[in-house]
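Right, one structure below, let's go through it.
The values are calculated or read from the model by the stated rules, or taken from the named source; none is laboratory data. A quick note: this is a predicted structure, and the numbers were derived from the prediction, not measured. Note that each Cβ is placed from the backbone with ideal geometry, even for glycine, and that neighbours are counted across all protein chains shown. Areas reflect the complete protein model, heavy atoms only, side chains present, ligands, DNA and RNA absent. Shrake-Rupley method; radii C 1.70, N 1.55, O 1.52, S 1.80 Å.
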Amino acid sequence: MHAERSFAAPKTFTDEHIDRWAPVYLASENNARLHARKVKFETFLLCPSEILAALVRPPRYTLTACGLLPAQRAVQRRIDLQDALIEMAECAVRAIKSGSHCANGAWTEKLKHHAWPRHRGRRTSNGG
């Protein structure tokens, strides 16, 4: 019976490959830059030459924690604010019912109840 895994199996490396690149990864000049870019050793072993070449080039973009560029993050904040304002306005419109009216800038609803019930005719006393 053949069972498929839902995740990719980790890549295995030969001892020679690990022994060759471990000192390069742990070298103080490389390790600080790799740590700053959050490159793990397993990722480094996948393509060490390319990663080392990328370390000497200055970064073209600085990504934020959420994975967006600073300008994109500012746009996302404006969009989120606009969405929140629209949602608040829609909520306010739903709260104002058709029977409401504005008096001096305050919205009020018509009374739908009375403090004392109206009786038709004479009131009866409860005491017999």
>> I need every pair where a residue in segment 66-92 that is open to solvent by less than 70 Å² (accessible area, probe 1.4 Å) has its Cβ under 8 Å from the Cβ of a residue that is assigned to a helix (DSSP H, G or I) and not basic (Lys, Arg), sequence separation at least 6 or different chains.
In response: Leu68/Gln76
> Which is at pLDDT 90 or above and of a type outside the set (A, V, I, L, M, F, W, C), of Arg33, Arg20?
Replying inline: Arg20
>> Please go through segment 57-94 and give me each residue that is modelled with pLDDT under 70 and either among the aliphatic types (A, V, I, L, M) or assigned to a helix (DSSP H, G or I) (or both), ordered by number.
In response: Leu63, Ala65
>> Looking at segment 9-33, I want the residues that are outside any helix (DSSP H, G or I) and have a partner that is loosely packed, with under 13 Cβ neighbours inside 10 Å with Cβ atoms under 9 Å, at least 6 apart or on another chain. Which pairs are those?
In response: Pro10/Glu42; Lys11/Glu42; Lys11/Leu46; Phe13/Glu42; Phe13/Leu46
